[in-house]
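**Student:** Quick one: the structure is below, and I'll ask about it shortly.
What follows draws every value from the coordinates through simple rules; no lab data is involved. Every value quoted in this text rests on a predicted model; they were computed, and no experiment measured them. Backbone-built Cβ (ideal geometry, glycine too); neighbour counts: all protein chains shown.
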């Protein structure tokens, strides 16, 4: 399994994570940037393309799950060896992934050696559930009435990006961790799984069974 999770889409804060990525990911990688955001100007994609372009990756294409293609978008997107899920509302992104019948195919993509990148809230989709996303957004738009109790389940834990130390937030995460472990990532932090190797960037917090401690392994 190969996954890369960033806590934020801010390249200036992601330099330490990026240093690991460029050592692991070949520069000729074909990257599919997947989004469900209604963004005709593709501002987020262009920002990602500029960010990863400076790292040496040039073969990057954008796939908007909300648009129609002459070929099924899932087939086109999975032709590459890297799929990146953007930092957007995970409820709507997951809803479109389900609508496009892409969830199981992404799981198979990872099993066959494909690289799955989750940026910010997009990283939450890699975990078991996205219900904690409501803690990051005041008004959660859930256009497709997605059940936040289940995500792509690539990992057996949940991910919480954009984490900030807060007693109120910790209390909620501690409660939610009684059923599933949660790895909370501050801006600039990340985790990487690369086959048998695992990388912890920064000092992510592990919430488990109502407890909290520094993440030392996962």
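**Student:** Can you work out the FRET efficiency for the pair residue 172 and residue 28, with r the C-beta to C-beta distance and R0 = 35 Å, to the nearest 0.05? Mind dumping the intermediate values first?
**Tutor:** Values: r = 43 Å, r/R0 = 1.23.
Given R0 = 35 Å and the Cβ-Cβ separation, E is 0.25.
**Student:** Could I ask something else about it? Between residue 79 and residue 47, what FRET efficiency follows from the Cβ-Cβ distance if R0 is 25 Å, with the result rounded to 0.05?
**Tutor:** Numbers: r = 23 Å, r/R0 = 0.93.
Between residue 79 and residue 47 the formula returns 0.60.
**Student:** Using Cα pairs under 8 angstrom and six or more residues apart, how large is the relative contact order of the chain, in percent? Mind dumping the intermediate values first?
**Tutor:** Details: 437 pairs, mean separation 53.8, N = 218.
About 25 percent, as a whole number.
**Student:** Another question, then. Given that just one value was derived from the coordinates, which of (i) 0.94; (ii) 0.97; (iii) 1.05 is Rg/Rh (Cα atoms, Kirkwood Rh)?
**Tutor:** (i)
**Student:** Please give the calculated 222 nm ellipticity per residue for the chain, where each DSSP H segment of at least 4 residues contributes -39500 (n - 2.57) and the sum is spread over every residue; nearest 500 deg cm²/dmol? Spell out each step's value before the answer.
**Tutor:** On the way: 6 runs with 56 residues, N = 218.
Value at 222 nm, helices only, nearest 500: -7500 deg cm²/dmol.
**Student:** Normalised by the residues of region 43-172, what does the relative contact order come to in percent, with Cα pairs under 8 Å and at least six apart?
**Tutor:** Working: 162 pairs, mean separation 30.9, N = 130.
Relative CO of region 43-172 lands at 24 percent.
**Student:** What spacing in nm lies between the two simple spin-label points modelled at residue 19 and residue 98, each 7 Å away from Cα in the Cβ direction?
**Tutor:** 4.1 nm
**Student:** Give, in nm to one decimal, the length gained when the segment between residue 150 and residue 208 is fully stretched (0.36 nm per residue of separation minus the Cα-Cα distance). Please report the intermediate quantities before stating the final value.
**Tutor:** Values: separation 58, 0.36 × 58 = 20.88 nm, distance 1.80 nm.
Here the segment from residue 150 to residue 208 would lengthen by 19.1 nm.
**Student:** Can you tell me the length gained on complete extension of the stretch residue 218 to residue 143, counting 0.36 nm per residue apart and subtracting the Cα distance?
**Tutor:** Working: separation 75, 0.36 × 75 = 27.00 nm, distance 3.31 nm.
Computed gain between residue 218 and residue 143 is 23.7 nm.
**Student:** Any chance you could run the full-extension gain for residue 165 through residue 67? It's 0.36 nm times the residue separation minus the Cα-Cα distance, nm to one decimal.
**Tutor:** Working: separation 98, 0.36 × 98 = 35.28 nm, distance 3.81 nm.
Extra length available between residue 165 and residue 67 comes to 31.5 nm.
**Student:** Restricting the count to DSSP beta bridges whose residues both fall in region 2-214, what percent are antiparallel, rounded to a multiple of 5? Could the numbers behind the result be given before it?
**Tutor:** Numbers: 17 of 38 bridges.
Close to 45 percent.
**Student:** If the elastic network links every pair of Cα atoms under 10 Å, which of 89, 158, 145 fluctuates the most in the Gaussian network model of the chain?
**Tutor:** 145
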